[in-house]
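Contents: one structure, followed by commentary.
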Amino acid sequence: MTILTNKKWVIGNWKMNPASVDTVFEFCRLFTTQLKNNKVWQEKTMVGIAPSFVHLGLLDYALSQECQDEPELPIMLVSQDVAYHTQAVGAFTGDVSATQISELAEWTLVGHSERRQYYGENDQVLRTKIDNAQNAGLGVIFCIGETKEQYQAGKTLAVLDEQLSILKDLAVDNLLVAYEPVWAIGTGLTPTTAEISNAHRHITNTLATLRTSATPVLYGGSVNDKNASEIANCQGVDGVLVGGASLKADAFAHIIWAFCE
Ligand code: PGA
């Protein structure tokens, strides 16, 4: 895993989907067919998928099954979360630790707005999760974004600064930031391209005051095969974190093509 790349990042977040193992296999069949037909993406993009824990090993297996007679496609496996209480192992029923995940995945999401909202994850919890992940050798995709109320009150940039402040003095390189306005997630709404560029510029400037390493900034929130090109062309967008559209092999492949143009 390396962050030292000019490639664009296209990461799928499957959330708590799909319902069945068969659907994972079917996705892999369709998705790998698309990716085998057009290999330009390997030069231009870093592609990853974050399935639920129960599908992490399965996705790895299903992807390799589709590439039996040829080199495996470089698709990164990403976890959606890591345990807070320990990086290692222990008596924490229902949790999955960074050490366990690191045998399968290269990256993990931390701080997705659904984790903040439904599980009450605060700054202290998120910083510990980041440290756990990085101590276990996982790269972190740290998600930030303002709510609709904060957006309407003109507080977006201040909220982003506050969320970013927990990255202070994080020594490691393998970090991506995903800017995902909460009001854009799963709603079909997106900020204007000017708003996206403005937020990304601000995030990059703030990151420069907190850390010395360059940190790619991804956009997330209702990215689909129709708007991907426009978003790919936004100044400061180093890639995307895609929810709903990453479950459809065709749509997800089209989003990848948009970042190859
Ligand atoms: P969405 O989700 O693409 O379905 O809006 C994005 C995300 O939550 O990462």
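Within the range 172-191, being open to solvent by 20 Å² or more (accessible area, probe 1.4 Å) and either within 16 Å of the ligand (Cβ to nearest atom) or out of contact with any helix residue (DSSP H, G or I) (no Cβ under 9 Å at 6 or more places or on another chain) (or both) holds for 173, 182, 183, 185, 186, 187, 188, 189, 190. Counted as qualifying within the range 39-146 are the strands (runs of 3 or more DSSP E) with 1 or more residues that are open to solvent by 10 Å² or more (accessible area, probe 1.4 Å) and at negative phi, namely 45-50, 75-79. Taking residues in the range 112-123 that are farther than 17 Å from residue 78 by Cβ, and partners anywhere that are β-branched (Val, Ile, Thr), the pairs with Cβ atoms closer than 9 Å and at least 6 places apart or on different chains are 116/182; 117/147; 117/182; 119/125; 121/110; 123/166.
Only residues that are buried (at least 16 other Cβ atoms within 10 Å of the Cβ) and in a helix (DSSP H, G or I) were counted across the range 194-234, and they come to 13.
Would you confirm whether any residue within the range 180-198 is aromatic (Phe, Trp, Tyr) and under 22 Å from residue 127 (Cα atoms)? Looking through the range 180-198, none of the residues is aromatic (Phe, Trp, Tyr) and under 22 Å from residue 127 (Cα atoms). Assuming residue 151 fulfils every condition listed in (1) in a helix (DSSP H, G or I); (2) touching a strand residue (DSSP E or B) at 6+ places or on another chain (Cβ under 7 Å) apart from one, which condition is it? So the condition that residue 151 fails would be (2).
Residue-by-condition table, conditions (1) hydroxyl-bearing (Ser, Thr, Tyr); (2) within 16 Å of the ligand (Cβ to nearest atom):
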position: 83; (1), (2): no, no
position: 86; (1), (2): yes, no
position: 94; (1), (2): no, no
position: 100; (1), (2): no, no
position: 110; (1), (2): no, yes
position: 114; (1), (2): no, yes
position: 121; (1), (2): no, yes
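The values are calculated or read from the model by the stated rules, or taken from the named source; none is laboratory data. None of the values given here were measured: they were computed from a predicted structure. Note: ideal-geometry Cβ built from the backbone for every residue, glycine included; neighbour counts use all protein chains shown. With ligands, DNA and RNA removed, areas are computed over all heavy atoms of the protein, side chains included. Shrake-Rupley method; radii C 1.70, N 1.55, O 1.52, S 1.80 Å.
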